[in-house]
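Peer 1: Okay, handing you the structure first.
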Amino acid sequence: MTRKSKQPGGHNPLTYHEQKRLKSSGYGTQSTRLTTDSQLPFGHCCLSLSPAISDSRSGASGASGGGGVVATPSGHIYSREAIVQYLLTKNGEVKKQKAEYDRKRLAIEDRRVEWEEKNSTAGRKFVFQEGSGSNGRKEGRSVTS
């Protein structure tokens, strides 16, 4: 008798239906393939998604300012104009969010102060009823604390 059935890899531990069920549930390393539509074309700005055009005609280098193209160490290409426009937009959004936050914080602080004034114990009067005291009186007495 041969030892073919004892060799490693001679049997598959999962049946076809088990493999199919595992793949449909997301098991495995490759779930989708990336196509060229999901990748940015070469030489395009990562912010504006348009071709990044350098100002090589006017003699301005990328590091000296003005218009131009900026490349990060990881290889992403950005247009300087797009960077400036993005920063201006984000600074405006942050200022609006900060103003909204300050407005809400002041409203909450005002409500807290009003609540503390309303519920302060310094000016409240308490009326205590004496049950059966040593003198036997049953009348109300107001006490300020």
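The values are calculated or read from the model by the stated rules, or taken from the named source; none is laboratory data. For clarity, every value in this text was computed on a predicted model and none was experimentally measured. Backbone-built Cβ (ideal geometry, glycine too); neighbour counts: all protein chains shown. In case anyone asks, the SASA skips ligands and DNA or RNA and just uses the protein heavy atoms, side chains included. Shrake-Rupley method; radii C 1.70, N 1.55, O 1.52, S 1.80 Å.
Peer 1: Out of the residues in segment 81-112 that are under 30 Å from HIS44 (Cα atoms) and of a type in the set (Val, Ile, Thr), which is least open to solvent (accessible area, probe 1.4 Å)?
Peer 2: ILE83
Peer 1: Which of the residues that make up segment 86-121 are closer than 23 Å to SER48 by Cβ and touching a residue at least 12 places away in the same chain (Cβ under 8 Å)?
Peer 2: Passing the criteria: only TYR86.
Peer 1: Evaluate segment 1-17: report whether one residue or more is surrounded by 10 or more Cβ atoms within 10 Å (Cβ to Cβ), at pLDDT 85 or above and in a loop (DSSP other than H, G, I, E, B).
Peer 2: Pass one, segment 1-17, residues surrounded by 10 or more Cβ atoms within 10 Å (Cβ to Cβ): 14.
Keeping just the survivors that are at pLDDT 85 or above gives none.
No: zero hits.
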